Amino acid sequence: MKQVLFGKTCFPGIAIGPAVWFRSTQINLENIKTETPAIEIQKLEIAFQKTESSLKILIESQQSDSKDISISKDILEAHLMMLGDPEWKGQTLEFIQQGKSAAVSLKESSQIFKSMLESLDDEYLKARAHDIEDLSYQVLTHLTGQGLDKLKLTEPCILVAKGLLPSEFLSLDKKKLLGLIFENSSNTSHTAILAKTFEIPCIVGVHNLSDFIFEKNLIIMDALKAQIQTEPSLEAQNLALKELESQKEESKNLEIFISKKSISQDHISFEVASNLSCIDDMKLAIQKGTEGCGLFRSEFLLLDQKSMPSEEEQFQTYKTLVQSLAPSKAVIRLFDIGGDKQLPFLQLPKEENPFLGLRGLRLSLSQPDILLKPQLRALLRSAPYGKLAIMAPMVTTLGEVQDFKMALKTCENELLSEGLLSTPPSYEVGIMVEVPAIALILNDLIPHLNFVSVGTNDLIQYLCATDRMNSTVSHLHDAYHPAVLRFLYLISNELKNSTVWMGLCGELAAQNDYVPLLMAMGFKELSVSPGSLLKTRAKVCGTSVEASQKILQLALKAKSSAELKNLLQN
Amino acid sequence: MKIETVVHVKSESGLHARPAGVLVKSASQFKAKIELEKNGVRKNAKSIMSLMSLGAVFGDQLTLITEGEDADHAATILKTLFETKFE
């Protein structure tokens, strides 16, 4: 049906192409053996039972989940009722009696009912065809055992999904991904961050996607306007293609900044660096002329792993990173696990509030032999290959900083006595500023640190007490809240006139209107996803720090998010 | 026993998921064969998919056909459901 849908911009850009649903891993029925009708019927019964129990489990799990309970429960209950539909099942059984396999029979009978609904004039009922598709897919996965494999993209497409795990995203062929549309995912989920990294236009938080977007249908997405058009007219298609062209031209115009240094109009030097999750990211960032890495998310080394990577494996990655980025800096963050990034092989106890629990440095310090020491040793061994900076996440107290530095010293001495290091390595030590408590005592930490880097995503989450993954409150996760700006200003004052340099590695550094404020506050390093690098650098080059300081003074007086945005736009 | 009853769709959303769901749940309790007819097309009222594919909208006049031992009782109950807009 022709429809315009809205969501939230995650990474801007236009895409036009066929929609491919993530959940619909192609189930191949070609090599399915057909047994006697009696056995096929039995198989069907079992698959129905399994589907029914997984639906019931899902319905139950909705009760503990606060958002959109009634809607999602209604949908699931409707699915449950459809599963018990006598006509659907009767038709399937009839096909089985004709000698077809249970899977083929189910697929064919589903097709009959789908077409029946699709032929109706009522848009709502038409959309129910998708429920049948959804349901028959679920039964088919139980019938065939397929559908748990990873999705393989066969042609350039716009991927549509309820949500996507970082590891699932990472398994996709990014060259075939024209765009991404998610129903649940918040703007700052890790998959969303990955979308930015790979510069894939991405819209998140679109409600009831499955009612409107169907497999293989052509759609247009304008991620900047956070708008999706289904069944676009020829005119709309041509317009989109034209805009796609001008977008390419704009990014071409930004290319001149690849070789430029990040120097303000009044000749003050900055570094526009990249946030990286893997070596592939790094290659992209280097192509874009990155001035080092402001955040390497080392925990991505652990994703999809069955066991902990060894010190040697870690060392190889860190060495490649440090060496390839030299003479620029490589800021490598210690594993930031816990919170929304759980690891199966660590078997961490389930926590009520993982974001307030054992994560980041807290976890590393609690498991020194498994997590902290092997990582620090691997990092220190990579130091001689370039300019290494080690950064600890989720730091709350001075004591933690001291423990972290003590562990570094111990590892260094071990490596020297083992001969794995010939001379004491030179490197920088810093922390992420995400926990509001640490921000308020930064002045006390000056003697212990070379740098701090503000992780704005988590800082805002903790400052505003807002779960950024929860779409019902994610509007409160707002970088333009006056408190956020004033808090950043407070951080800069804590470190004023010290040797501790300040960086910022949240997505805020990619907000063009915010960049002058960050420059005025003295953030020397702005670290963004590689896709935003040139835009941020162009902004830095076009900004005068002196003039921005005046704007900052006005901005600090803003009383609301709207007032601040308004001020920055003019 | 076979009973034909005329019913009207008074729920504004027609026979969408919720009303259709209520109807199917109720119809399924009876042993009788229960069908709804619109413009000569008959569908099984115990099947949610069939019922939705009837495409009944607000204001439609339908024929409820119940056939079997409890046909009479079924007709009375289901007619009431139509009257009360499936609330």
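The values are calculated or read from the model by the stated rules, or taken from the named source; none is laboratory data. Predicted model only: the values in this text are computed from it and were never measured. A quick note on method: Cβ atoms are made from the backbone with ideal geometry, for glycine too, and the neighbour counts reach across all protein chains shown. Accessible surface areas use protein heavy atoms only, side chains included; no ligands, DNA or RNA. Shrake-Rupley method; radii C 1.70, N 1.55, O 1.52, S 1.80 Å.
Put simply, of A:260, A:319, A:248 the only residue that is in a loop (DSSP other than H, G, I, E, B) and basic (Lys, Arg) is A:260. Please state which one of B:79, B:25 is out of contact with any Lys or Arg (no Cβ under 9 Å at 6 or more places or on another chain) and either within 14 Å of chain A (Cβ to nearest Cβ) or open to solvent by less than 20 Å² (accessible area, probe 1.4 Å) (or both). Answer to the selection: B:25. Can you find a residue in the range A:305-317 that is closer than 20 Å to residue A:390 by Cα, at pLDDT below 95, open to solvent by less than 20 Å² (accessible area, probe 1.4 Å) and touching an Asp or Glu at 6+ places or on another chain (Cβ under 9 Å)? Within the range A:305-317 (the criterion being closer than 20 Å to residue A:390 by Cα, at pLDDT below 95, open to solvent by less than 20 Å² (accessible area, probe 1.4 Å) and touching an Asp or Glu at 6+ places or on another chain (Cβ under 9 Å)), the answer is no, since none of the residues qualifies. Screening residue A:27 on (1) in a helix (DSSP H, G or I); (2) modelled with pLDDT of 75 or more; (3) under 27 Å from residue A:183 (Cα atoms); (4) open to solvent by less than 50 Å² (accessible area, probe 1.4 Å) shows it passes everything except condition (1). Looking across the range A:539-565, just one residue is under 13 Å from residue A:264 (Cα atoms), open to solvent by 30 Å² or more (accessible area, probe 1.4 Å) and hydrophobic (A, V, I, L, M, F, W, C), and that is A:547. Among the numbered conditions (1) touching a residue at least 40 places away in the same chain (Cβ under 8 Å); (2) surrounded by fewer than 17 Cβ atoms within 10 Å (Cβ to Cβ), the only one that residue A:352 does not meet is (1).
Checked against the criterion of being among the β-branched types (Val, Ile, Thr), within 12 Å of chain B (Cβ to nearest Cβ), in contact with a helix residue (DSSP H, G or I) (Cβ under 7 Å, 6 or more places away or on another chain) and at negative phi, the range A:104-122 has at least one qualifying residue. Within the range B:57-76, track down each residue that is assigned to a strand (DSSP E or B) and either open to solvent by 10 Å² or more (accessible area, probe 1.4 Å) or within 14 Å of chain A (Cβ to nearest Cβ) (or both). Once the filter is applied, which keeps residues that are assigned to a strand (DSSP E or B) and either open to solvent by 10 Å² or more (accessible area, probe 1.4 Å) or within 14 Å of chain A (Cβ to nearest Cβ) (or both), the range B:57-76 yields B:61, B:63, B:67. Taking the criterion of being polar (S, T, N, Q), open to solvent by 10 Å² or more (accessible area, probe 1.4 Å) and in contact with a strand residue (DSSP E or B) (Cβ under 7 Å, 6 or more places away or on another chain), the only residue of the range A:425-457 that qualifies is A:450. For the range A:409-464, filtering for residues that are among the polar types (S, T, N, Q) and assigned to a strand (DSSP E or B) leaves 1. Scan the range B:28-56 for residues that are within 11 Å of chain A (Cβ to nearest Cβ) and touching a His at 6+ places or on another chain (Cβ under 8 Å) and the total you get is 1.
The test for being outside any helix (DSSP H, G or I) and out of contact with any Pro (no Cβ under 7 Å at 6 or more places or on another chain) holds for residue A:352. Quick check, is residue A:96 open to solvent by 30 Å² or more (accessible area, probe 1.4 Å) and either at pLDDT 75 or above or of a type in the set (A, V, I, L, M, F, W, C) (or both)? Judged against the criteria, residue A:96 is not a match. The residue list A:328, A:298, A:310 contains one member that is under 25 Å from residue A:399 (Cα atoms) and of a type in the set (Ser, Thr, Tyr), which is A:298. The residues in the range A:361-408 that are assigned to a strand (DSSP E or B) and open to solvent by 50 Å² or more (accessible area, probe 1.4 Å) can be counted, and the count is 1.
If you check A:233, A:264, A:310, A:269 for being hydroxyl-bearing (Ser, Thr, Tyr) and under 22 Å from residue A:13 (Cβ atoms), only one passes: A:233.
Would you confirm whether or not the range B:4-15 contains a residue that is modelled with pLDDT of 95 or more, assigned to a strand (DSSP E or B) and open to solvent by less than 70 Å² (accessible area, probe 1.4 Å)? Looking for residues that are modelled with pLDDT of 95 or more, assigned to a strand (DSSP E or B) and open to solvent by less than 70 Å² (accessible area, probe 1.4 Å), one finds none in the range B:4-15, hence no.
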